[in-house]
Amino acid sequence: MGCSDMFVVPTFARRQVLALLWADAVALAAGPALAQVAVGTANVVVREVSATVGGAARTLASADPVHRDELIATATESATEITFDDQTQLSIGPESQVTLDEFVYDPNSHAGSLAIAVTVGIIRLASGDMNEEGVVITTPVATIGIRGPIVTVSVAAAGTTTVSVEPGEAA
């Protein structure tokens with residue numbers, strides 16, 4: 001028996017090992033890319049605003065992209081304004097935590113969906129080109145389907161939610 005005969009691996013086992021290695025390589029390559037789906041841009045950033053997705057936190061700066069599933073957190077006396085790809089504008093006030101759960105938009109039909117979760121703080125949402133029926137804001141105590149062009153939502157630390165709908169056209 002030669003040295004090379006001692007380490008013979010059956011063909012089916014080699015295929016399984018290769019398949020597992022290939023699957024791991026694909027998952028590693030696709031994982032961060034899937035988590036980093038850009039849905040808009042931070043147009044304005046005042047003081048301390050952080051963005052966290054997939055456990056990786058960064059300081060948000062003006063002109064930075066924002067991503068699906070990203071948690072946007074503002075510090076005291078801080079704020080940001082985000083413009084989504086359909087021109088919807090989301091203003092996030094001081095001491096707020098907002099997760100950009102979903103953004104899907106077809107510019108041809110104006111169909112799509114936008115889902116935002118507000119844990120605490122205040123936001124103002126001015127609708128863009130997307131049909132308003134696809135916009136949902138979730139708070140600790142409510143799920144709100146948006147039907148107006150401009151909506152302000154305030155969530156207190158205890159979860160108490162206040163909603164204000166402004167008439168008129170979104171700017």
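The values are calculated or read from the model by the stated rules, or taken from the named source; none is laboratory data. Everything numeric here is computed off the predicted structure, so don't read it as measured data. All Cβ positions, glycine included, derive from the backbone under ideal geometry; neighbour counts span all protein chains shown. Ligands, DNA and RNA are stripped out before the accessible areas are found, and what is left, the full protein with its side chains, is counted by its heavy atoms. Shrake-Rupley method; radii C 1.70, N 1.55, O 1.52, S 1.80 Å.
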Kindly establish whether Thr41 is out of contact with any Cys (no Cβ under 6 Å at 6 or more places or on another chain), farther than 14 Å from Leu100 by Cβ and at pLDDT 95 or above.
no
If I filter the stretch 76-95 for residues that are crowded, with 17+ Cβ neighbours inside 10 Å, outside any strand (DSSP E or B), within 18 Å of the chain's Cα centre (by Cα) and aliphatic (A, V, I, L, M), do I get at least one hit?
no
Return the residue satisfying two criteria in turn: it lies in the stretch 132-143 and is open to solvent by 30 Å² or more (accessible area, probe 1.4 Å) and among the β-branched types (Val, Ile, Thr), and of such residues it is farthest from Thr162 (Cα to Cα).
Val136
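Considering only the stretch 109-126, state which residues are surrounded by 17 or more Cβ atoms within 10 Å (Cβ to Cβ) and farther than 19 Å from Thr74 by Cβ. Explain how you work it out, then say what you get.
The initial filter retains those residues of the stretch 109-126 that are surrounded by 17 or more Cβ atoms within 10 Å (Cβ to Cβ), namely 112, 114-118, 120-126.
Residues satisfying the conditions are Gly112, Leu114, Ala115.
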What are the pairs with Cβ atoms under 7 angstrom where one residue, in the stretch 67-88, is basic (Lys, Arg) and the other, located anywhere, is open to solvent by less than 20 Å² (accessible area, probe 1.4 Å)? Sequence gap at least six, or different chains.
Arg68/Val39; Arg68/Leu100
Val49: touching a Gly at 6+ places or on another chain (Cβ under 8 Å), hydrophobic (A, V, I, L, M, F, W, C), free of Cβ contacts under 8 Å to residues at least 60 places away in the same chain and buried (at least 22 other Cβ atoms within 10 Å of the Cβ), yes or no?
no
Select, from Asp101, Asp129, the only residue that is under 26 Å from Gly54 (Cα atoms), open to solvent by 10 Å² or more (accessible area, probe 1.4 Å) and touching a residue at least 12 places away in the same chain (Cβ under 8 Å).
Asp101
Would you confirm whether any residue within the stretch 116-132 is at pLDDT below 90, farther than 18 Å from Val66 by Cα and in contact with a helix residue (DSSP H, G or I) (Cβ under 8 Å, 6 or more places away or on another chain)?
no
